[in-house]
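Derivation of every value follows stated rules applied to the coordinates shown; laboratory data play no part. From a predicted model like this one, the values you see are computed outputs, not experimental measurements. Neighbour counts are summed over all protein chains in view; Cβ atoms, including those assigned to glycine, are modelled from backbone coordinates with ideal geometry.
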Amino acid sequence: MTEGQTMSLTDQLHQARHEQRKGKGPRCAIGKVIAKASDDDRTALQDALNADPDEWPASAIAKALNVGEHTVRRHRRGACSCGRIGVTP
Ligand SMILES: [Zn+2]
């Protein structure tokens, strides 16, 4: 960024989004479970979320976490409020 240049609205938007990705913003149900889980549980959960959906179906994870299946799918796609898959606190 050159001297004297002010931050554009676009930059501010990107920054706000980035901050949320770092975990400052609200999370989806999956993100909340991850945030509260122990290190071991978190690792296991993230492995499951990052695994092949044939191996770890969204329905199985949803049942284990007592959340909606669509919530798991959305989190896996990175379309939830966590911003991306495998977000850590
Ligand atoms: Zn999420």
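Between Asp41 and Met7, the distance separating the two model label sites (each 7 Å from Cα on the Cα→Cβ line) works out to 3.5 nm. Using the average count of surrounding beta-carbon atoms within 10 Å as a protection proxy, the listed peptides 57-67, 39-49, 71-81, 7-17 rank, highest first, as 71-81, 57-67, 39-49, 7-17. One equal scatterer on each Cα of the stretch 26-89, no solvent, Debye formula: the resulting log10 I(q)/I(0) at q = 0.24 Å⁻¹ is -1.00. Modelled label positions at Arg17 and Lys63, each set 7 Å beyond Cα in the direction of Cβ, lie 3.6 nm from each other.
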